[in-house]
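To start, the structure under review is shown below, and the notes come after it.
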Amino acid sequence: MDRYGLICRSILESPGITQRELAQILDVSLGTVNSLIKECIHQGLISPSKDGSSLLELLPRGKELLEQYKVDGAVILAAGFGSRFVPLTFEMPKGLLEIFGERMIERQIRQLHEAGIYNITIVVGYLKEKFEYLIDKYQVQLLYNPEYSCKNTLTSVYCARHLLKSRNMYLLSSDNWLRSNMFHKYECGAWYSLCHTDGKTSEWCIQFNKKKVITGVQIGGENSWFMYGPVFLSANFSNLFLSVLEEYYQIPGTEQFYWEHVFQEMVNGTAAKRLKENGSPFVAELSKAERAAVMYANCQPDDQVYEFENLEELRRFDPKYQTHSNNQALELVAKVFQVDESSIRNLRCLKAGMTNKSFLFDIEDKNYICRIPGPGTELLINRYQEGEVYKAIASLGITERIVYFNSDTGYKISRYYENSRTADARNLEDMSQCMKLLRRFHESGITVNHDFDIKERIDFYEKLCRTHESILFEDHKVVLEWMNQLIDKLASMNRPKILCHIDSNADNFLMLENGGLV
């Protein structure tokens, strides 16, 4: 990192800065700072104050030196789902959550503006429409990453590569909270913000030399500095690094890579092996890129950068989230169980389900699951009929234990069975038990006030697909003909209608730890 540039920047930003303060900023001794100041004076970058004081002044040549380090803008990554923050992120992207009344991404945008940086692009994906208000409020640009749901941040950086090439840019995460403003109008070298742990960690741990150049990266470590928070990519660094990242993007198996995976393998000297194994023509140029793509360690104090891993961390930081998260699902759970939101613990995302969003939680060491209907579910499922069925068959004891069900909203809370599993369609014993349960259900004689017209429903689903221009299977016509034959055959049998399970898929049967089945 250019120490002369850092001295010039510091004098520009803080005209009355002392040598001791410069030593703290550069993390060097007072003697080293005095030597650097003498060099800067000798090169005509700075001069002692004309009033005879010990203060320093920035000369035109110093300002000229800084121009190459002027920050061109910032890219903020905000495309991800934030699964560890469910159910909050079912309604709002993580970066738009408020900390002490201010949204995390807005705090960073405001800090960038304070540093004179207004060219800001946000890479969006999940709930992208939630970010649109920022266009008018802060004049930011939005860049959509169409692969956000199936790939990781390597893809988001790849999507924004044209904004980073040949430019001095901050690369930020929307869900970081920075106590003090650490942005500047000028940056004198590529860096990654680091925090320190005195114990074991699963974070990305860093080794660096006396000049603060990062020399190694490993996932997990002890008593180590680790990657945490903002990043600055200089134009020189980006041009070299992005050439390698573009190669990685094309390699199968890197879909779930963070962009830092690329940097890690470059620093550790393993990138060549990966590129060579995948026939990349860039191998010959890689060694040059690895040597020249220098990134520095920007070590931060413990209370400067926050990247909340889960709701529990957020609750400890901002007390508001202990009792009032302003989240519909958590408010409902608290009301149903008559507890404060702080009693809802160990929240986890449950990704299974085609039409619903669900999360697990604990209250008083008991496990529950909350189902939230997904957008458009009301077109596919009649929740009033679902509620009627649950009430009708409650005496059979063949469903999960329902704690709460709302036919208006479709919200459902039930007990969660630990150490259970779904039925295995290839296991004959499992299938035998499932069929016995179905037979018991179908022969129960229980009736409800509605019926299910399978032909009408299939026609409806097909129409829905065509309306949304969904791609139908190539053998759609053949399957449709077979289906119509089966339905006609069923109608000709004139069998009485009974209450039955219309989706008896193996995944809808739960094998319990005690040998039971629901």
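Table for the structure above
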{"quantity": "5 angstrom amide H check on Y186, placed H, neighbours 5+ away", "calculated": "V71"}
{"quantity": "Spherically averaged projected area in nm², based on the convex hull that wraps the Cα atoms of the stretch 235-339", "calculated": "10.6 nm²"}
{"quantity": "Whole-number D in µm² s⁻¹ for the stretch 181-252, Kirkwood Cα-pair radius fed into Stokes-Einstein, 4 °C, 1.567 mPa s", "calculated": "93 µm²/s"}
{"quantity": "Inter-label distance, nm, simple model (7 Å from Cα along the C-beta direction), E246/E364", "calculated": "6.2 nm"}
{"quantity": "Globularity index of the chain, i.e. its alpha-carbon radius of gyration over 2.2 N^0.38 Å", "calculated": "1.26"}
{"quantity": "In nm, spacing of pseudo-spin labels at K276 and L438 (7 Å Cα→C-beta vector)", "calculated": "5.6 nm"}
{"quantity": "Rel. contact order, % - alpha carbon contacts under 8 angstrom, at least six apart, the stretch 155-291", "calculated": "27 percent"}
{"quantity": "Centroid-to-centroid separation of the stretch 234-285 and the stretch 310-347 [C-alpha atoms, Å]", "calculated": "42 Å"}
{"quantity": "Estimated distance in nm for a label pair at I487 and I402, the labels positioned 7 Å out from Cα along Cα-to-Cβ", "calculated": "2.8 nm"}
{"quantity": "Karplus-derived HN-Hα couplings along the stretch 11-21 (A = 6.51, B = -1.76, C = 1.60, θ = phi - 60°), whole Hz, x at Gly and Pro", "calculated": "5, 5, 6, 9, x, x, 5, 9, 4, 5, 5"}
{"quantity": "Relative contact order of the stretch 209-352, pairs being alpha-carbon contacts under 8 Å that are 6 or more residues apart, as %", "calculated": "25 percent"}
{"quantity": "Cα gyration tensor shape of the stretch 3-67, rounded if a/c is under 1.5, else prolate or oblate by comparing a/b with b/c", "calculated": "rounded"}
{"quantity": "Amide proton proximity set for F509, modelled H, under 5 Å, gap of 5+", "calculated": "A423"}
{"quantity": "Order of M435, M104, M1 - criterion: other Cβ atoms within 10 Å of each residue's Cβ, fewest first", "calculated": "M435, M1, M104"}
{"quantity": "DSSP beta bridge pairing in the chain, given as percent antiparallel to the nearest 5", "calculated": "70 percent"}
{"quantity": "Compactness of the stretch 327-416 as Cα Rg over 2.2 N^0.38 Å, two decimals", "calculated": "1.09"}
{"quantity": "Exposure proxy ranking, count of Cβ atoms within 10 Å, fewest first, for M431, M266", "calculated": "M431, M266"}
{"quantity": "Those lysines that a straight Cα-Cα span of less than 19 Å connects to K477, excepting residues fewer than 8 apart in one chain", "calculated": "K455, K463, K489"}
{"quantity": "Potential extension, A425-N310 segment - 0.36 nm per residue separation minus Cα distance", "calculated": "37.8 nm"}
{"quantity": "Backbone HN-Hα couplings from phi across the stretch 214-229 [Karplus 6.51/-1.76/1.60, Hz, Gly and Pro as x]", "calculated": "5, 10, x, 9, 9, 8, x, x, 8, 6, 9, 7, 9, 5, 7, x"}
{"quantity": "Derived scalar couplings ³J(HN,Hα) [the stretch 254-269; Karplus, 6.51 cos²θ - 1.76 cosθ + 1.60; whole Hz; x for Gly, Pro]", "calculated": "9, 4, 9, 6, 6, 5, 5, 4, 5, 4, 4, 6, 5, 5, 7, x"}
{"quantity": "Mean separation of Cα contacts under 8 Å (6+ apart) over length of the chain, as relative contact order %", "calculated": "11 percent"}
{"quantity": "Residues whose placed amide H lies under 5 Å from that of Y228, excluding near-sequence neighbours", "calculated": "S193, L194, C195"}
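Any read-out appearing in this document is the output of simple, stated calculations on the displayed coordinates, not a laboratory observation. Note that the coordinates shown come from a computational prediction; the quantities given were computed from them, not determined experimentally. No Cβ is skipped: glycine too gets one built from the backbone with ideal geometry, and neighbour counts run over all protein chains shown.
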